[in-house]
Amino acid sequence: MSADRSAETTPVSGPAPERARRVAGLAVLTGAGISTDSGIPDFRGPSGIWTKNPAAEKLSTYQAYMADPELRRRSWRNRLAHPAWTAEPNPAHLALARLARSTIDTQVITQNIDGLHQRAGTPPGRVIELHGTMFGVVCTGCGDRTAMADALDRVRAGEGDPPCARCGGILKSATVMFGQALEPGVFERAAVAAARCDLLLAIGSTLTVEPAASLCAIAAEAGASLVIVNRDPTPYDAAATAVIREPIGEAVPRIAGQLLAAVAG
């Protein structure tokens, strides 16, 4: 595919593009970039958490977390102040929720752990959380799952590294860290959604973390259109039907409006 083709952008106004008229099934892959307008920093952008502090990536590495009690204590302190606790869904989340409640068969596949898609109104059954959720806690020993709010209450009460109340094992956020495999069946469900869709929207993701990024290839190989909405280049730009560099909060609501207008017409 030519560079000119990969740089195509969706029209701001006028009739919906031809690809919108064909969309009965939609898969959306979202990364950290969709939540920056909600006040949650991304990881690899110019102001990203790991860009500013490369050492912070260790806090998301399973082997380091399990081996270092002080790192675990730092992780728990950081969780207390995480901006996601007070974040609100932004226009992009709300636009995707409108699609998910429409007649378009929509599946939102997210790399994010912040729960903002559900809070925006996307039905939970239509959200596939590839990397888990920060609202839960899991014991690495016995597998017991509890609410994050309860664990944070224990940290506020003075427990620096609260152990599992059932077995005394190490607790961690119910998220997938570097060095961990995805939960069984989660990626398979996402791959089915990508293979069956007419259009895959990849929004706010660097498309460098696997296996999530490979969903773009799965969709394209199955004949779907691939539209990437991201500030920076990605490894999948050359395979895309369109690459959109506009701010996510502007581009996604416009795309959603075009898709909804096409099915209404």
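The values are calculated or read from the model by the stated rules, or taken from the named source; none is laboratory data. Only a predicted model underlies this, so the values are computations on that prediction, with no experimental measurement involved. Note: ideal-geometry Cβ built from the backbone for every residue, glycine included; neighbour counts use all protein chains shown. In case anyone asks, the SASA skips ligands and DNA or RNA and just uses the protein heavy atoms, side chains included. Shrake-Rupley method; radii C 1.70, N 1.55, O 1.52, S 1.80 Å.
At a glance:
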quantity: Within region 75-103, considering residues that are of a type in the set (Gly, Ala, Ser) and assigned to a loop (DSSP other than H, G, I, E, B), the one farthest from residue 120 (Cα to Cα); calculated: 81
quantity: Hits in region 208-239 - residues which are farther than 16 Å from residue 22 by Cβ and of a type in the set (Gly, Ala, Ser); calculated: 212, 213, 214, 217, 238, 239
quantity: Filtered residues of region 84-119 (kept if more than 16 Å from the chain's Cα centre (by Cα) and either buried (at least 23 other Cβ atoms within 10 Å of the Cβ) or not hydrophobic (A, V, I, L, M, F, W, C) (or both)); calculated: 86, 98, 99, 101, 102, 103, 105
quantity: All positions within region 120-139 that are assigned to a loop (DSSP other than H, G, I, E, B), on the phi < 0 side of the Ramachandran plot and surrounded by fewer than 16 Cβ atoms within 10 Å (Cβ to Cβ); calculated: 123
quantity: Filter result for residue 72 (modelled with pLDDT of 95 or more and part of a helix (DSSP H, G or I)); calculated: yes
quantity: For residue 250: the one exception among (1) more than 24 Å from residue 39 (Cα to Cα); (2) out of contact with any Ser or Thr (no Cβ under 9 Å at 6 or more places or on another chain); (3) assigned to a helix (DSSP H, G or I); calculated: (1)
quantity: Output for region 104-119, where each listed residue is β-branched (Val, Ile, Thr) and part of a loop (DSSP other than H, G, I, E, B); calculated: 104, 113
quantity: Residue list for region 83-134, restricted to those being in contact with a strand residue (DSSP E or B) (Cβ under 7 Å, 6 or more places away or on another chain), farther than 19 Å from residue 187 by Cβ and without any contact (Cβ under 8 Å) to a residue 40 or more places away in the chain; calculated: 100, 115, 118, 122
quantity: Positions within region 140-154 being under 20 Å from residue 119 (Cβ atoms), touching a residue at least 24 places away in the same chain (Cβ under 8 Å) and surrounded by fewer than 16 Cβ atoms within 10 Å (Cβ to Cβ), in sequence order; calculated: none
quantity: Counted residues, region 176-205 - those being modelled with pLDDT of 95 or more and at positive phi; calculated: 2
quantity: The lone exception for residue 1 - which of (1) of a type in the set (A, V, I, L, M); (2) open to solvent by less than 30 Å² (accessible area, probe 1.4 Å); (3) modelled with pLDDT under 95; (4) not in a helix (DSSP H, G or I) it fails; calculated: (2)
quantity: Yes/no for residue 161 being touching a residue at least 60 places away in the same chain (Cβ under 8 Å), of a type in the set (D, E, K, R) and buried (at least 19 other Cβ atoms within 10 Å of the Cβ); calculated: no
quantity: Residue list for region 251-265, restricted to those being within 18 Å of the chain's Cα centre (by Cα) and surrounded by fewer than 19 Cβ atoms within 10 Å (Cβ to Cβ); calculated: 253
